[in-house]
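> Sharing a structure below in structure tokens format, with a few things to ask.
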Amino acid sequence: MTPAEVRDKLELAAFEDDIFAENCYVIRRRDTHRVLLVDPGLQASRVLEHLAREQLTVEKILVSHGHIDHVAGVPAIKRETGAPIAMHPEDLAILDWAHFAEMPFVPAGFEPFIIDEPLAHDHTISFEDIALRVLYTPGHTQGSVCFLFGPDCFSGDTLFARGIGRTDLPGGDPAKIVVSIRRVLYRLPPKTVVYPGHGPSTTIEQEKLLNPFVPAVD
Ligand SMILES: [Zn+2]
Ligand SMILES: [Zn+2]
């Protein structure tokens, strides 16, 4: 299937939460009622309402990395849908469950989860007849990944429009995030659309030209 054919088969909806402005993406097939969820956070109850209203079935929960804004809704979605959780195991080290549960904004019922599908670089996730590629992009955290779906890349907190993820939190590494962006993301086709964990979408071409934190070197 060509990248254009993949895009034709999918429809994307983004739900932002009110505290972190974190984007949860609902990737829906146009031909079936199946969806993949990327990073359900504090907006998970709104996402669940949307799923019920549209009669959608969650095939998998994809987690870009282990920060609370990206995982706060994972237990609730798992409980409601039973969908397997796919995440890179390196970020188990920063899932501080006791600390998370004490955070005032974290929803009641938040509980530890396990990774059903451990991710690694070039791991393929199938979504019926569409294959999604996992890109390992450490730096924001040690277990950060991006999800490449035809011509679309879900970049978590690795790459934003004109920005990059902070590296001062546990597991952050300022040298590694630059290497991940230059060697992995900037080598994607220039027209690849990037859907970040926060803020608006962009393209690889625009970031190579205009990103002030990681200018392209080649
Ligand atoms: Zn993060
Ligand atoms: Zn975030």
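Coordinate-derived values only; no laboratory data. This is a predicted model, so every value here is computed, not measured. Note that each Cβ is placed from the backbone with ideal geometry, even for glycine, and that neighbours are counted across all protein chains shown.
> Filter the range 120-159 down to the residues that are part of a loop (DSSP other than H, G, I, E, B) and within 16 Å of ligand 1 (Cβ to nearest atom) and list them by number.
T137, P138, G139, H140, T141, Q142, G143, S144, D157, T158, listed by residue number.
> Right, next: Which of the helices (runs of 4 or more DSSP H) contained wholly in the range 1-108 include at least 1 residues that are touching a residue at least 60 places away in the same chain (Cβ under 8 Å) and more than 16 Å from ligand 1 (Cβ to nearest atom)?
3-9, 44-54
> Evaluate the range 150-157: report whether one residue or more is under 30 Å from T32 (Cβ atoms), without any contact (Cβ under 8 Å) to a residue 40 or more places away in the chain and more than 14 Å from ligand 2 (Cβ to nearest atom).
no
> With the requirement that a residue be aliphatic (A, V, I, L, M) and at positive phi, what does the range 6-49 give you?
Residue satisfying the conditions is A21 alone.
> If you don't mind, another one. Return the only residue of G143, G165 being buried (at least 23 other Cβ atoms within 10 Å of the Cβ) and touching a residue at least 60 places away in the same chain (Cβ under 8 Å).
Numbers: G165 fails: touching a residue at least 60 places away in the same chain (Cβ under 8 Å).
Step by step, each of G143, G165 is checked, and only G143 is buried (at least 23 other Cβ atoms within 10 Å of the Cβ) and touching a residue at least 60 places away in the same chain (Cβ under 8 Å).
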